[in-house]
Every structure is written in structure tokens, then in C-alpha cells.
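The values are calculated or read from the model by the stated rules, or taken from the named source; none is laboratory data. Fair warning: this is a prediction, and the values are worked out from it, not measured in the lab. Positions of Cβ are generated from backbone atoms using ideal geometry, with glycine treated the same way; all protein chains shown enter the neighbour counts.
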Amino acid sequence: MDDRSQRILEILSSSFWPLLKAGIEFTVPLAILSFVLGLAVALLTALARLSGNRVLSGIARFYVWIIRGTPLLVQLFIIFYGLPSFGVTLAAFPSAVIGFTLSVGAYGSEIIRASIQSVPRGQWEAAYSIGMTYRQALRRIVIPQATRVAVPPLANSFISLVKDTSLAAAITMTEMFRVAQQITATTYEPLVLYSEAAVIYLVFSTVLSWLQGWLEVRFSRHVAK
């Protein structure tokens, strides 16, 4: 084994744990927290879009339009670097959570809205016929059915979010990609470090894809064939 190969192996072995540790301590928690909060925002936004209130519907449409029409990286820069101009200074982690939450909320709201609309109108009418209110019908009849439709695309959104957390490196958050950048600055081996980070992201995504398949099977188990 030549000196070059030996050096690469040493870099890989010494950097693996710092990268994995950053992924476990920052990347995964950031993705989970942002996704959970984003789902709450998405549900409220979807219900606002479907409501008969023009003001609420208009606000929800405007929010979705802004978030979907601008790059996520730019949104993160506005939150982290732009808000201090107005006296609002946030640390990197809460800035990233806010940015990713808003993104998940906007895209997730369209998934949830489409899933709710996919439930046949007859289901609503059947609920009303037995005396249910709009909220009861939504909670007991519509949302459980819509959930089965929404799980696959929402799971895909979460997998994408795990990878998108690498953008948080641009606002100095020490997540996995940021650690790879820091090690690269001292080893001068960008291909080695970034490839190693890519493999770890790939492992995370593969595990999540397996969980997605399990969830789809579980939610479709009681669906009439």
C-alpha cells in the first residue's frame, strides 16, 4: 500500500466518528424537529386553504407561494443573516429549524390538502347524516383516510429533508456536512471527506426508505381491496 492510500485510510478512519456523531447529534434531530413542527404548520395551512374563509385561505396561499417560489438556502440566509438588521438575532440551530419548518409546512400542506380532497364526498355526507359536525367528520372519518394517501409523499419529504439539512452548513451550524468541511480544511482531501459524508447520508436515507415501506404496509393493511 502506497503512502497516498495509507493517508486516505487514516483520514477515513479518523473522520468517520466525528461525521457520524454530528449526524446523530445535529442532522437527525434537526430533521425530526423541523418535520414534526412542519407537519403541524402543514395541517393548519391545508385546512386554511380548504376553509370557506377567504382571508385565511388567502394568507395560506400567499405563504405557500412565497416558500415554494424561493430557494430554501435564500430563506435560511434571510433568517440567519437578514433578521439581525431588524434587531432579531437567532442562533444557527433555531434559524435552521424555522427555515426547514416553513419549507416542510408549505410543501406538506399541498400534500395534505390533496389527500383530504381525495376522500370521496360521500364520506362527508355519511358523517353528516349520522349527526357529526365538520370537525368530528374531519377528525374521525376524513383525516384517517387521508393519512393513508399522505404517508408515502410525506415520508419522501422527510427523506429529502434529512439531505437538505446539509444546507444548514451555510449558516455555520455544525451538522454533518459542516464537520466534513472543517476536516477538509485541515486535510485538503475534499473528495475523500465529501464522499464519506455522502455515504453516511445514503445510509440514513436507506434506513428511512425501509421505514417508509413499513409504514405504507401498516397503513394499507386495513384498506378494503
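Which residues, taken from region 178-193, are touching a helix residue (DSSP H, G or I) at 6+ places or on another chain (Cβ under 7 Å) and without any contact (Cβ under 8 Å) to a residue 24 or more places away in the chain? Working first, answer last.
Step one: list which residues in region 178-193 are touching a helix residue (DSSP H, G or I) at 6+ places or on another chain (Cβ under 7 Å), which gives 178-181, 183-184, 187, 189-190, 192-193.
Scanning region 178-193 gives Q181, T184, P190.
When N53 is tested against the conditions (1) more than 27 Å from V151 (Cα to Cα); (2) at pLDDT 95 or above, the lone failure is (2).
State all residues of region 139-165 that are of a type outside the set (K, R) and touching a residue at least 60 places away in the same chain (Cβ under 8 Å); if no residue qualifies, say none. Reasoning before the result, please.
Going through region 139-165, the residues of a type outside the set (K, R) turn out to be 141-147, 149-162, 164-165.
T147, V151, P152, L154, A155, S157, F158, L161, V162, D164, T165, listed by residue number.
Filtered by the rule that a residue be more than 13 Å from L193 (Cβ to Cβ), assigned to a helix (DSSP H, G or I) and of a type in the set (D, E), region 1-22 gives a lone residue, D3. The numbered conditions (1) over 29 Å from Q212 (Cα atoms); (2) more than 28 Å from the chain's Cα centre (by Cα); (3) assigned to a helix (DSSP H, G or I) are all true for Q123 except (1). Quick one: would you say P144 is closer than 24 Å to V41 by Cα and out of contact with any helix residue (DSSP H, G or I) (no Cβ under 8 Å at 6 or more places or on another chain)? For P144, the condition - closer than 24 Å to V41 by Cα and out of contact with any helix residue (DSSP H, G or I) (no Cβ under 8 Å at 6 or more places or on another chain) - is met. Among the residues making up region 36-64, a single one is farther than 18 Å from S115 by Cα and in contact (Cβ under 8 Å) with a residue 60 or more places away in the chain: L37. Across region 3-50, the qualifying residues are those that are of a type in the set (V, I, T) and in contact with a Gly (Cβ under 8 Å, 6 or more places away or on another chain), and the one among them that is surrounded by the fewest Cβ atoms within 10 Å (Cβ to Cβ) is V41.
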